[in-house]
Amino acid sequence: MRRPLKKKRTLEPDMKYKSVKVAKLINYIMERGKKNTASKIVYQAFNDIEKLEKKDPQLVFEEATQKVGPLMELRSRRIGGANYQIPQEVSADRRTTLALRWILQAAKDRKGAPMHKRLAQEIIDASKNEGAAVVRRENTQKMAEANRAFAHLAW
């Protein structure tokens, strides 16, 4: 028998943009409890986006998370001594989580610039359907499509 699911904690929106997604991004960037530093990075990145794109940075960010979030993902399942990669739909919360994680990882992998500039450029690229985070989403989708034969094993 499975244990009961944990209750989800609600996250308060950030101070400047009043957005829960931006607050989540700040929390993902935060290291060693330095939330002030993380929020400075995010807000500077949003200022850079506004300068480069001449658009509302929050709209560009929303567009980027929509385009990076995968529709399908692979989950491992052990059946009769063999592990199968089974494609499954991604829930809205998990889609947002994966999108933020992939954008942040792609920004960290870029080298040679301050973090706020790397993050801003990755968000802009993702909103244009380019960049490493979008490539990762496409690879995930291709793998799920390739393993569609095992979809009947989903639980």
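The values are calculated or read from the model by the stated rules, or taken from the named source; none is laboratory data. Small disclaimer: the values here were computed from a predicted structure and weren't measured. Note that we place each Cβ from the backbone using ideal geometry, even for glycine, and neighbour counts take in every protein chain shown.
Looking only at helices (runs of 4 or more DSSP H) that fall completely inside the range 51-152, which ones have 1 or more residues that are free of Cβ contacts under 8 Å to residues at least 60 places away in the same chain and surrounded by fewer than 19 Cβ atoms within 10 Å (Cβ to Cβ)?
Details: elements: 57-68, 92-109, 115-127, 132-146.
Qualifying helices (runs of 4 or more DSSP H): 57-68, 92-109, 132-146.
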I'd like the full set of residues that are more than 16 Å from S127 (Cβ to Cβ), of a type in the set (S, T, N, Q) and out of contact with any strand residue (DSSP E or B) (no Cβ under 8 Å at 6 or more places or on another chain), limited to the range 48-99. S91, T97
The conditions are (1) loosely packed, with under 13 Cβ neighbours inside 10 Å; (2) at pLDDT 90 or above; (3) more than 21 Å from the chain's Cα centre (by Cα), and G33 fails exactly one of them. Which is it? (3)
Which numbered condition M1 misses (of (1) part of a strand (DSSP E or B); (2) without any contact (Cβ under 8 Å) to a residue 24 or more places away in the chain; (3) not β-branched (V, I, T)): (1)
